[in-house]
């Protein structure tokens, strides 16, 4: 049975991205997966890694819970909107505060490289956007996708990382939205197997 952690990073309530989140969750549960969810806007934590890695910043209860859930999961699903080519500050702050040395990776003191402490986990990124997928991928070069997949998740050993982009939401019709909801439901089922 798959253990899926959904990290939902839209700072705003009542959005189409929230409907996508609910659809994915239904698909995963429908296929027998164990599912836990972190709704970042409901968590209480300081977004800023105030001293970098110079000192150990106190971990709030919600950050400790997030690390427990990440350790528990086989598969991580990040869902968020594309804002300014990447992800909301809420998502970046969560990553800065949660994916820390000695939890997500470990520097090899005096040696090149690092240990990937989250190896063995897989991930999916589901990004909603007002741009078209074509524009984001080919005109902007999908910077947020590269940052999340390569600079964050793969750096920590997570892979493979699959990416699903959904857009343009702003100009979408009811029919197209139903198609996207059906797609995320199916993705939940696929990830659960």
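Quick notes on this one:
- Here residue 54 clears all of (1) surrounded by fewer than 17 Cβ atoms within 10 Å (Cβ to Cβ); (2) modelled with pLDDT of 95 or more except the condition numbered (2).
- Filtering the stretch 160-173 for residues that are without any contact (Cβ under 8 Å) to a residue 40 or more places away in the chain, closer than 18 Å to residue 75 by Cα and more than 13 Å from the chain's Cα centre (by Cα) leaves a non-empty set.
- Taken over the stretch 101-123, the criterion of being in contact (Cβ under 8 Å) with a residue 40 or more places away in the chain, within 21 Å of residue 52 (Cβ to Cβ) and either within 16 Å of the chain's Cα centre (by Cα) or not in a strand (DSSP E or B) (or both) is satisfied by 104, 117, 118.
- Meets criteria (more than 30 Å from residue 55 (Cβ to Cβ), touching a residue at least 60 places away in the same chain (Cβ under 8 Å) and not in a loop (DSSP other than H, G, I, E, B)) for residue 144: no
- Residue list for the stretch 11-60, restricted to those being within 26 Å of residue 101 (Cβ to Cβ), assigned to a loop (DSSP other than H, G, I, E, B) and in contact with a strand residue (DSSP E or B) (Cβ under 8 Å, 6 or more places away or on another chain): 53
- Members of the stretch 30-42 that are under 15 Å from residue 88 (Cα atoms) and touching a helix residue (DSSP H, G or I) at 6+ places or on another chain (Cβ under 8 Å): 40, 41
- Within this structure, residue 108 passes the test of being at pLDDT below 95, surrounded by fewer than 17 Cβ atoms within 10 Å (Cβ to Cβ) and over 29 Å from residue 33 (Cα atoms).
- Residue that is nearest to the chain's Cα centre (by Cα) [pool: residues in the stretch 40-60 that are without any contact (Cβ under 8 Å) to a residue 40 or more places away in the chain and within 23 Å of residue 12 (Cβ to Cβ)]: 42
- From the list 126, 158, 163, the lone residue that is in a loop (DSSP other than H, G, I, E, B), touching a strand residue (DSSP E or B) at 6+ places or on another chain (Cβ under 7 Å) and on the phi < 0 side of the Ramachandran plot is 158.
- Restricted to the stretch 129-141, and to residues there that are touching a residue at least 40 places away in the same chain (Cβ under 8 Å) and touching a strand residue (DSSP E or B) at 6+ places or on another chain (Cβ under 7 Å), the residue that is surrounded by the fewest Cβ atoms within 10 Å (Cβ to Cβ) is 130.
- Some residue of the stretch 61-77 being out of contact with any helix residue (DSSP H, G or I) (no Cβ under 8 Å at 6 or more places or on another chain), touching a residue at least 40 places away in the same chain (Cβ under 8 Å), assigned to a helix (DSSP H, G or I) and loosely packed, with under 14 Cβ neighbours inside 10 Å: yes
- Among the residues of the stretch 80-99, those that are touching a helix residue (DSSP H, G or I) at 6+ places or on another chain (Cβ under 8 Å), buried (at least 18 other Cβ atoms within 10 Å of the Cβ) and assigned to a loop (DSSP other than H, G, I, E, B) comprise 82, 87, 99.
The values are calculated or read from the model by the stated rules, or taken from the named source; none is laboratory data. Here the structure is a predicted model, which is why all the values come from computation and not from measurement. Here Cβ is always computed from backbone atoms with ideal geometry, including for glycine, and neighbour counts include all displayed protein chains.
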